[in-house]
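To keep things clear, I will list the structure first and then write my remarks on it.
The values are calculated or read from the model by the stated rules, or taken from the named source; none is laboratory data. Being a predicted model, the structure only gives us computed values, none of them experimental. Please note: Cβ atoms are built from the backbone with ideal geometry, for glycine as well, and neighbour counts cover all protein chains shown.
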Amino acid sequence: MARSGSGGTEGAGGGKSRFDDIYDRPDPRAYFRRLAPLQYEIPHHAQPVFRRVAAERAALDDGRPRRPAVLDVCCSYGINAALLNHDVTLAEMYERYTSPACLTMSTAELAARDKEFYAERRRPDAVPVFGLDVSAPAVHYALEVGLLDTAFTDDLEQGSPGPGLNRALAEVGLITLTGGGSYVTARTFTALLDGARRPVWASAFVLRTVSYQPIVRALAAHGLSTTVDVSRSYPQRLFTDERERQYAIAAVRALGGDPAGREEAGRFHTLHYESRPDTP
Ligand SMILES: C[S@@+](CC[C@H](N)C(=O)[O-])C[C@H]1O[C@@H](n2cnc3c(N)ncnc32)[C@H](O)[C@@H]1O
C-alpha cells in the first residue's frame with residue numbers, strides 16, 4: 001500500500017485513505033491522536049441521533065421481557081457506546097486521550113481511570129450496547145472499561161455469526177453504524193438480520209462516496225424501509241490530501257451527488273439512513 005500525504009494509507013478501496021494501524025491498538029490513544037488533526041467528527045453528529053432512536057426503539061413494546069440491545073457495528077474502542085450512554089462529548093474524548101497526562105500512562109492505568117471516568121458519567125437512561133468489530137484489542141478495551149456489555153469479533157464479510165454472536169442477536173433491537181460504511185457491506189447486514197429474533201431497526205451514517213443501496217435492499221428483504229434526507233449531510237473528517245479530495249469528488253459525482261460546498265470544500269460528508277420495519 002502507498003502512503004498518502006498526511007497520516008493515512010491509501011487502500012485498495014478506491015482512493016480513501018486507510019487507518020488500519022490505529023484500529024488494533026490496546027487502547028484508543030493512537031486512534032484519537034491520529035484522527036484529531038483530521039477533525040474526525042461523525043460520532044459527535046451521531047450522538048443525538050442514536051440517543052433519540054435508541055429511546056424510541058426502547059419504548060416499542062415488542063413483547064419481549066428484556067430491553068432491546070443496541071448493536072454498534074464497527075464499534076472500535078466503544079466510542080458510540082461512550083457517547084450514547086454517558087454524559088461525555090467527542091471533544092472531551094479527544095482532549096482526554098491526547099492529553100499529556102494520558103500519554104504517560106500504561107494501558108492498564110488508562111483502563112482503570114477510564115472505568116471510573118465512564119462510571120461517573122453513566123446516564124440513567126443507559127441502554128445495553130453490544131459491539132461488533134474485527135479488532136480484538138479494540139473491543140477488549142471497550143469491554144474492560146465497561147462501555148460494552150458484550151462484544152464480538154466475527155467478520156461477517158467472510159463468514160457466518162458464531163454461536164456467541166448468534167445468541168446475542170436474540171436481544172438486538174437496533175443496529176448503529178458510524179465510520180464503517182467502507183468496511184461492511186450487505187453481507188454483514190444480511191447475516192445480522194438473518195439472526196435477529198425481535199424487530200431490528202438500523203441507524204447508519206455512511207459516506208456519500210459509498211452506495212448504501214445494496215444494504216437498503218438487504219434491509220428491505222428483511223421487511224425494513226429506509227429513509228434518508230439527502231439534502232442534509234454530516235461532515236465526517238478532513239481529507240488527508242488533495243488526492244483523496246479528488247477521489248471523493250469523483251465518487252460522489254458517480255453516485256449522482258453534488259460535491260459543491262461539501263467534498264469540494266475539503267471534507268468527507270455522510271448521509272444518515274434510518275431503517276424501520278414496514279409494519280410496526
Ligand atoms: C473508522 S473505524 C470506525 C470506528 C467508530 N465506529 C467511529 O466512528 O469512531 C472503522 C472500524 O471498522 C472495523 N472493521 C473493519 N472491517 C470490519 C468488518 N468486516 N466487520 C466489523 N468491523 C470491521 C475496524 O476494525 C475499525 O475499528
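Some observations on this one:
- Selection of first residues in segment 163-183 that are touching a residue at least 60 places away in the same chain (Cβ under 8 Å) and of second residues that are among the aromatic types (Phe, Trp, Tyr) and assigned to a helix (DSSP H, G or I), restricted to Cβ pairs under 8 Å at least 6 apart or on distinct chains, gives the following pairs, ordered by first then second residue: ILE175/PHE189; THR176/PHE50.
- Among the residues making up segment 231-255, those that are within 19 Å of ARG34 (Cα to Cα) and either outside any helix (DSSP H, G or I) or not basic (Lys, Arg) (or both) are PRO235, GLN236, ARG237, LEU238, PHE239, THR240, ASP241, GLU242, GLU244.
- Close pairs from segment 30-46: first farther than 13 Å from ASN80 by Cβ and among the charged types (D, E, K, R), partner at pLDDT below 95 and within 10 Å of the ligand (Cβ to nearest atom), Cβ under 8 Å, at least 6 apart: ARG34/PHE19
- Taken over segment 124-141, the residue count meeting the criterion of being touching a strand residue (DSSP E or B) at 6+ places or on another chain (Cβ under 6 Å) and either within 15 Å of the ligand (Cβ to nearest atom) or more than 24 Å from ARG276 (Cα to Cα) (or both) is 5.
- Subset of segment 65-75 [in contact with a helix residue (DSSP H, G or I) (Cβ under 8 Å, 6 or more places away or on another chain) and away from the ligand (no atom under 16 Å from the Cβ)]: ARG66, ARG67, PRO68, ALA69
- Within the set PRO68, PRO26, the sole residue that is surrounded by 19 or more Cβ atoms within 10 Å (Cβ to Cβ) and modelled with pLDDT of 95 or more turns out to be PRO68.
- GLU157 among the acidic types (Asp, Glu) and under 29 Å from ARG253 (Cβ atoms): yes
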